[in-house]
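Below: the structure, in structure tokens.
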4 protein chains.
Amino acid sequence: MARIAILGASGYTGAELVRLLATHPSLRVAALTADRKAGAAMAEVFPHLGHLALPTLTRIEDVDFSAVDLVFCALPHATTQEVVAALPRDLKVVDLSADFRLRDMAVYAEWYGHEHRAPHLQEAAVYGLTEFYRDAIRAARLTAGTGCNAATGMYAVLPLLEAGVIDPDEIVIDLATGVSGAGRAAKEASLFSEVAEGFHAYNVAKHRHMAEFDQEFSRAAGRPVVCSFTAHLAPMNRGILATVYVRGEAEAVHAAFSERYRAEPFLHVLPLGQTPHTRHVRGSNYCHVGVVADRRPGRTIVFSALDNLVKGASGQAVQNANLMLGLPETQGLEAAPLFP
Amino acid sequence: MARIAILGASGYTGAELVRLLATHPSLRVAALTADRKAGAAMAEVFPHLGHLALPTLTRIEDVDFSAVDLVFCALPHATTQEVVAALPRDLKVVDLSADFRLRDMAVYAEWYGHEHRAPHLQEAAVYGLTEFYRDAIRAARLTAGTGCNAATGMYAVLPLLEAGVIDPDEIVIDLATGVSGAGRAAKEASLFSEVAEGFHAYNVAKHRHMAEFDQEFSRAAGRPVVCSFTAHLAPMNRGILATVYVRGEAEAVHAAFSERYRAEPFLHVLPLGQTPHTRHVRGSNYCHVGVVADRRPGRTIVFSALDNLVKGASGQAVQNANLMLGLPETQGLEAAPLFP
Amino acid sequence: MARIAILGASGYTGAELVRLLATHPSLRVAALTADRKAGAAMAEVFPHLGHLALPTLTRIEDVDFSAVDLVFCALPHATTQEVVAALPRDLKVVDLSADFRLRDMAVYAEWYGHEHRAPHLQEAAVYGLTEFYRDAIRAARLTAGTGCNAATGMYAVLPLLEAGVIDPDEIVIDLATGVSGAGRAAKEASLFSEVAEGFHAYNVAKHRHMAEFDQEFSRAAGRPVVCSFTAHLAPMNRGILATVYVRGEAEAVHAAFSERYRAEPFLHVLPLGQTPHTRHVRGSNYCHVGVVADRRPGRTIVFSALDNLVKGASGQAVQNANLMLGLPETQGLEAAPLFP
Amino acid sequence: MARIAILGASGYTGAELVRLLATHPSLRVAALTADRKAGAAMAEVFPHLGHLALPTLTRIEDVDFSAVDLVFCALPHATTQEVVAALPRDLKVVDLSADFRLRDMAVYAEWYGHEHRAPHLQEAAVYGLTEFYRDAIRAARLTAGTGCNAATGMYAVLPLLEAGVIDPDEIVIDLATGVSGAGRAAKEASLFSEVAEGFHAYNVAKHRHMAEFDQEFSRAAGRPVVCSFTAHLAPMNRGILATVYVRGEAEAVHAAFSERYRAEPFLHVLPLGQTPHTRHVRGSNYCHVGVVADRRPGRTIVFSALDNLVKGASGQAVQNANLMLGLPETQGLEAAPLFP
């Protein structure tokens, strides 16, 4: 059993890691940290985990990292780069923050408003989109979790750019996400009464996940790609649906997905003409992809759906940890979605 | 007081008409019909209206139309054209179905799968998008309610085509709607457990409201316009948000809206850069429009939000009835939105 | 037109007062205060009110109370008593906080944990349960808004104690409330993800609204009455349903309600055997009451439903203001519920 | 691997059985039936299970029961007794319907409105409340799934009657349940718009689960027990919370639960004074129980929470199947709850 520390266990992605590890046959929770809740039992912070035998929450500085094989880091942006820089050099780290996603430090500074404090780590980090960086992740010491919206959009676009079946200059990604992606921080905008029974866009034209799209789309296309992107908040806990408008033939688009994802255990391509629901992947590590021909010739609409807390965050993290530890990639991640 | 009959009062749009008329100073409910519920009190069918003094539900054939000044027809598609054809010739009719929306009978047959059974009525009908057909509505005997999704999209696009500030060949309309638009029919797809906690697209590339877009966008642009369009079902009762990707400068787009809607009582243009929420128009006849410059030069993202049962259906109907009866256009429609 | 100031306009009950006043024929908003948002437009704080012409938010000390006829005070508990004490002596005040609900200052200190800072005002205040204090409210300078849960329970119990048709020692009130009752403060417990898709009890055996039950039930029964009470949080914005278990015959119980509420404009007694839904009073000032005979002889189950922000708070406040200003009691409050 | 047939796989409990079996190490789905969907793939009926290799849906008469070790029967009431009567005599059956819950055939006829058609099976059936019938279930050929509301209430009451720490004549069970308990049938009352954003009671004083309470409470108390009971529909997919008002001391009540459930793997007693949330057991086989002293001396309020589709139906069924097949009782059921 590999010994796991989860830094930042009092947030939703931290709790989701604990949930996934509870039935993982090869990973065991050895330490849980939450600076402001240090000393508390996990059952107080997350009663749904109250039946599990778990270590008490501690401060990061009280963790004995010599007894840890891999760290999941579920801390806020910016804090993360300092915490990871202070960890033992040989400790494997699966990060879930935004801190190590962007390879170009100038781009990082532009989108995040300050210079990166651990650029050497950023250079070493591998982008954690498993299906597109699998070999590098196997060999990595540090992997960077993708943005949850970014992952959803990329699953619907990257194979098309790789296969050259769409026009890279005409990509519109329109997306709706559940509220848990905003985390457990007490913010007015995340209150039930501000979210339920309504729908709205947020961070329009300035959403930071666009920096990830630019980086990965350009890599896949072999030349600069800039897309249009809008994220909306939907009144639900979990799930992201991306609706992507592309220029290309639906058959070719569908074939590119089928070919690219054929052997992927968690990417499920629906028959041409069918579209996914976020509720059909809820709680699971699966991502469903659908393709429909637009009524306008030469245009196609692509859909991808995943659970932001699983395939978009903690499930992806476990999948990458499995690879980094030499375990079967799907271990602990094969639970079926919870519907309804 | 004008005497009003509501045909099809056992559906959500019928009930919404009753709600709006309950405080309307010049309209009085004289008859309510619901064939399958004939004989029942409205309080049995819609307990939220139980405190009102309302006529018992009857069959259409039992209504004394000589004592009626205007009919709201909230019946299903196809049935409607036969019912309206049988009404007294001089009776004013505000229809809420899809039956009289399309002026070209060949287009109607193509989208609805059968020949129209009352083409002479279709010719006489005025498309009920009040702000764009106001004078014709004033003079009309029969107005056709717009599709609720269609209205939302049109409020975000028509002024731009009229003003010539966008490229008519590059319009993508992506939209999320609440569930009440599907009506009160007992369908598996409308069950709570099939709708709550999830998000999905429906009728992709074949949604009938696209026929209305084609008709009205082409009229506004003075040449054929075909857009891309996807509707999604959001887990909420009421509300539609359209997110529209256009080619044009944001300032010009915003100026076109501000100019076109300046005197409109129910269309509220937000400051440039702000975006609407459906929850902020809930239960009201208001439509909020927002404009944000895309990060890609020359591209703009437009948002419009309205309540599908009010401005998208029954509120529009009352607004048009006010015009047809020579009443102040906003009468009975000025209640503020219900939030939260 | 009476000139109205709303103190604490940045909370949900403040916004709801503005909504109700927007179509009130005799009340006009003259001043809006919100200390932390002073200088902001109401449209920034509550975009759903953005189409209204409203005064800018100010600090309380910047209000010219000489140009005000009545004040609605929607401030937090404890703050309120100091603010109201500092208002001009002759200014009519409708308070929505907990500060003036309890007539016995010792009881107040026991439930709220500190001595009352304006006991002379408490003595003058009239408990704002309109149907049971109508004459006193008409003559009052200061009325105290009831707890929203308290109002719901009292509408289901007080007529039974007055009529003597139930055993005062055996009352169990079990209740579910929507989230808006917790206000707009950014608290973890009010986050969408902590409220949606779940149900739980809160403040069990220590909910402060029990002090109001004790006070009013004892008054109605003419002797001390103590009930059992549990409040639950339901995943919805608005609405309270009280389910009350009493000892008494269902027919007598139903008759007591029918008799007591016969002339009440906002209290609607359902036929014996029918039960109310909160969604059927949503957004309105109506309260629905239902009675069902328990299967155990001599026991009856009573239900009452209202909208916590309207009949449970701001609607009640307007109703009382109407009385205090000599206006028709129902003015501005007759909008039908919004369903769905 | 034991070979399993699921009869009635197109309903929510059928799909939930498939979900649980997907990761069960000792049970394998050998046949799935759904008469009206025979010939369809499970992926068409339940896309969330689309990634699993599953048999095509068939009619019951097309199942080769000689290749089946145990049948889960998730069919409607009344149909079930005929189907089970026609199965091979030696085939183990775990039923999820109401058909075999009541031991007294006269009571069955009274509550269900017709004579039982397989009284010999009813005599042989064991009531499936695992923690209270474990030994009999191990030896049973046929177990009867409990009502989901019934199970929730019984977990909060049975230990108290067994221990004699409460007054059997004064039990009030007030409960809220999610919508999935009503199944996937297309009924107006289960539509999103009829359920969301509201709360109401249903089947008051005539809910059939009361027959189970009477049977089991009387058995536990050793004398006739009749309780008061009200079920409410909460706007959520999954979860039941029972709030139970009893006469007895909180400490004794809490001690009775702690003692009785100490060794139970799925029953988790919270510290005295804490109360459960349904969202903290969502998707899991756990049941949380909480106890709070009422403010009235000698009275106590008990809470129990479970997921109606898991511990209240399909999880209970798997737990009982494990026992009947000699497998470890908790096998396949230890996944942690899904929150948020």
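Kindly identify segment C:1-130 as rounded, prolate or oblate by the Cα gyration tensor criterion: order the square roots of the eigenvalues as a ≥ b ≥ c, call it rounded if a/c is under 1.5, otherwise compare a/b with b/c, prolate if a/b is larger, else oblate. Verdict is prolate for segment C:1-130.
Pairs of alpha-carbon atoms within less than 8 angstrom and 6+ residues apart define the contacts here; what relative contact order does chain D have, in percent?
Once normalised by length, the contact order is 17 percent.
Other residues whose C-beta falls under 14 angstrom from the C-beta of D:GLU115 contribute a net charge of -3, scoring Lys and Arg +1 and Asp and Glu -1.
The Cα center of segment C:1-66 and the Cα center of segment A:1-58 differ in position by 46 Å.
Summing charges over neighbours of A:ALA255, with a neighbour being any other residue whose Cβ is under 13 Å away from its Cβ, gives -2 when K and R count +1 and D and E count -1.
Rounded if a/c is under 1.5, else prolate if a/b is larger than b/c, else oblate: which is the protein assembly as shown, with a ≥ b ≥ c the root eigenvalues of its Cα gyration tensor?
rounded
The residues C:TYR245, C:TYR155, when put in order of fewest to most other Cβ atoms within 10 Å, stand as C:TYR245, C:TYR155. Where nothing but the Cβ of Lys and Arg (+1) and of Asp and Glu (-1) is charged, how large is the charge dipole of the protein assembly as shown around its Cα centre, in debye to the nearest 20? Around 0 debye, computed over the protein assembly as shown.
In this simple spin-label model, placing a label point 7 Å from the Cα along the Cα-to-Cβ direction at both B:GLU162 and A:SER258 gives a separation of 4.7 nm. Per-residue mean of foreign Cβ neighbours for B:248-258 is 0 (Cβ atoms of other chains, 10 Å radius).
Pairs of Cα atoms nearer than 8 Å and 6+ residues apart set the relative contact order; for segment B:156-233 it is 49 percent.
Pairs from the table (B:LYS311/C:LYS311; B:LYS187/C:LYS187; A:LYS206/D:LYS187; A:LYS311/D:LYS311; A:LYS187/B:LYS187; B:LYS311/C:LYS92) lying more than 32 angstrom apart at Cα are B:LYS187/C:LYS187; A:LYS206/D:LYS187; A:LYS187/B:LYS187; B:LYS311/C:LYS92.
What net charge is computed for the residues neighbouring C:MET154, neighbours being all others with C-beta under 10 Å from the C-beta of C:MET154, Lys and Arg scored +1, Asp and Glu -1?
Net charge around C:MET154: -3.
For segment D:298-327, backbone nitrogen atoms closer than 17 Å to the point 7 Å from D:ARG134 Cα along Cα-to-C-beta are found at D:316-327. Of all residues in chain A, the one whose Cβ lies closest to the rotation axis carrying A onto B, together with that distance in whole Å, is A:ASP174, 2. Each copy carries a label point for A:ARG36 at 7 Å from Cα along the beta-carbon vector; from one copy to the others these points are 1.4, 5.0, 5.2 nm apart, nearest first. In percent, rounded to a whole number, the relative contact order of segment C:80-223 is 25, using alpha-carbon pairs under 8 Å and six or more apart. The ranking of B:MET324, D:MET105 by Cβ neighbour count inside 10 Å, starting from the fewest, reads D:MET105, B:MET324. Between C:GLU249 and C:MET105, the simple label model (points 7 Å from Cα in the Cβ direction) yields a spacing of 4.7 nm.
Axis angle, to the nearest 10 degrees, between helix D:209-221 and the longest C-alpha principal axis of chain D: 60 degrees. The same position C:ARG89 in the other copies lies at 7.7, 8.1, 9.7 nm from this copy, comparing label points 7 Å beyond Cα toward the beta-carbon, shortest first.
For the peptide C:169-181, the mean number of other protein chain Cβ atoms found within 10 angstrom of a residue's Cβ is 4. Here's the picture: charge each Lys and Arg Cβ at +1 and each Asp and Glu Cβ at -1 in chain A, and of A:LEU142, A:THR23, A:ALA38 the one pushed furthest to the positive end of that dipole is A:THR23. Specify whether the C-alpha gyration tensor of segment C:148-308 places it in the rounded, prolate or oblate class, a ≥ b ≥ c being the square roots of the eigenvalues: rounded for a/c under 1.5, otherwise prolate if a/b is larger than b/c and oblate if not. Prolate, since a/c reaches 1.5 and a/b exceeds b/c. Computed about its Cα centre, the charge dipole of chain B is approximately 420 debye, with only Lys, Arg, Asp and Glu carrying charge at their Cβ.
Listed by Cβ neighbour count within 10 Å, with the fewest neighbours leading, B:LEU49, C:LEU96, D:LEU191 appear as B:LEU49, D:LEU191, C:LEU96. Can you tell which of B:GLY298, B:GLY332, B:LEU241 lies farthest toward the positive end of the dipole of segment B:210-340, using +1 and -1 charges on the Cβ of basic and acidic side chains (Lys, Arg; Asp, Glu)? Final value for the positive-end residue is B:GLY298. Taking a spot 7 Å from the Cα of A:ALA78 along the direction of its beta carbon, which residues of segment A:90-111 have an amide N less than 14 Å from it? In segment A:90-111, the label zone of A:ALA78 (backbone N under 14 Å from the point 7 Å along Cα→Cβ) covers A:98-99, A:109-111.
Just so you know, all these numbers are worked out from the coordinates, no wet-lab data involved. Source: prediction; values computed, not measured. Virtual Cβ from ideal backbone geometry, glycine too; neighbours counted across all protein chains shown.
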